[in-house]
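Take a look at the structure set out below.
The values are calculated or read from the model by the stated rules, or taken from the named source; none is laboratory data. From a predicted model like this one, the values you see are computed outputs, not experimental measurements. Positions of Cβ are generated from backbone atoms using ideal geometry, with glycine treated the same way; all protein chains shown enter the neighbour counts. Surface areas here come from the heavy atoms of the whole protein model, side chains and all, with no ligands, DNA or RNA. Shrake-Rupley method; radii C 1.70, N 1.55, O 1.52, S 1.80 Å.
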Amino acid sequence: MFTRSSATILLLAPAVLAPESVFAQAPPTPPPPKQELSAQAAFVGTTGNSKETTLTAGADYIGRLDVWTLKDRFAVIRGETDSILTSESWLFGMRVERPLNARVAVFGEYAYFRDTFAGIDNRNGVTGGLMFTLVKDARHTLTADAGIGYLNEQRLAGADVSSGTYSGGAAYALKLSDNAEITDEFRFLGVFDNSDDWRVSNTVAVTAKLTSVFSLKFSNTVRHLNFPPTGFISTDTVTSVALVMSLKSKATAK
């Protein structure tokens, strides 16, 4: 005969018989290292009827100091054909972030860019705003940000740009395995003085670990300037396969 006592036993039985591992809490995620440094380089050279060389190099640094996070980025591309310079660009960015809570952080950043083959002699910009962590788990990370700032762009042709700006962006990372990751970063920057003057960039990268220190990275960057300098085209694409060296400090951030 089915009684209330029988029902109680049936409800408690799975809890009594279940293995201890079912109820064990997952180990907490270890805090990130206080410092991370990565450097990458790629070189392509050809000889014969014509001599061509292309060099791409860059470095990224992340420092975590108490509640502040500092991020620096540097990249250079240089190409020559028969000893004649055919491409050259320089990029430097510095960004600081401070979390307000688990999902929202405030940030400020400075960016410098130079690409005379795209008509940009010097570009300096500062931006401040908010960053939002939309997704963060073992495999997926998705962040978005929005900000306002100021841009000073010296051009080789046409009028220079000096104006307030509005910007936004998103960054996504997918961990394919312990040794492979794909990332996608999108950036948008608009100018208040001219609604037609806006620029976007998108970088997709796949990184595969070779050892604990070295990785192989394939990346593709598309940059579009909707109002380019006079006589220059609006879109540039950079594709590279680079060897990356990564170093992390043993100490962890609090």
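Quickly run through the stretch 183-229 and pick out the residues that are over 22 Å from N124 (Cβ atoms), in contact with a strand residue (DSSP E or B) (Cβ under 8 Å, 6 or more places away or on another chain) and not in a strand (DSSP E or B). If the condition is that a residue be over 22 Å from N124 (Cβ atoms), in contact with a strand residue (DSSP E or B) (Cβ under 8 Å, 6 or more places away or on another chain) and not in a strand (DSSP E or B), then L210, V213 are the ones that fit.
Pairs meeting the criteria (first residue in the stretch 230-254 and more than 12 Å from K34 (Cβ to Cβ), second residue of a type in the set (D, E, K, R), beta carbons under 6 Å, at least 6 apart or on different chains) are D236/R223; A242/K217; V244/K217. Counting only residues that are hydroxyl-bearing (S, T, Y) and under 15 Å from D197 (Cα atoms), which one in the stretch 142-171 is surrounded by the fewest Cβ atoms within 10 Å (Cβ to Cβ)? Per the stated criteria, the residue is S162.
Scanning the stretch 239-253 for residues that are open to solvent by 40 Å² or more (accessible area, probe 1.4 Å), within 24 Å of A208 (Cα to Cα) and not polar (S, T, N, Q) turns up V241, L243, M245, L247, K248, K250.
When Y112 is tested against the conditions (1) within 14 Å of G149 (Cβ to Cβ); (2) in contact (Cβ under 8 Å) with a residue 24 or more places away in the chain, the lone failure is (2).
Being more than 23 Å from D197 (Cβ to Cβ), under 19 Å from the mean Cα position of the chain (by Cα) and among the acidic types (D, E) is true of D137. Listed by position, the strands (runs of 3 or more DSSP E) inside the stretch 54-141 whose residues that are open to solvent by 40 Å² or more (accessible area, probe 1.4 Å), of a type in the set (S, T, Y) and over 22 Å from S167 (Cβ atoms) number at least 1 are 68-81, 84-99. Note on the stretch 66-85: residues that are touching a residue at least 40 places away in the same chain (Cβ under 8 Å) and either farther than 14 Å from Q40 by Cα or among the small types (G, A, S) (or both) amount to 1.
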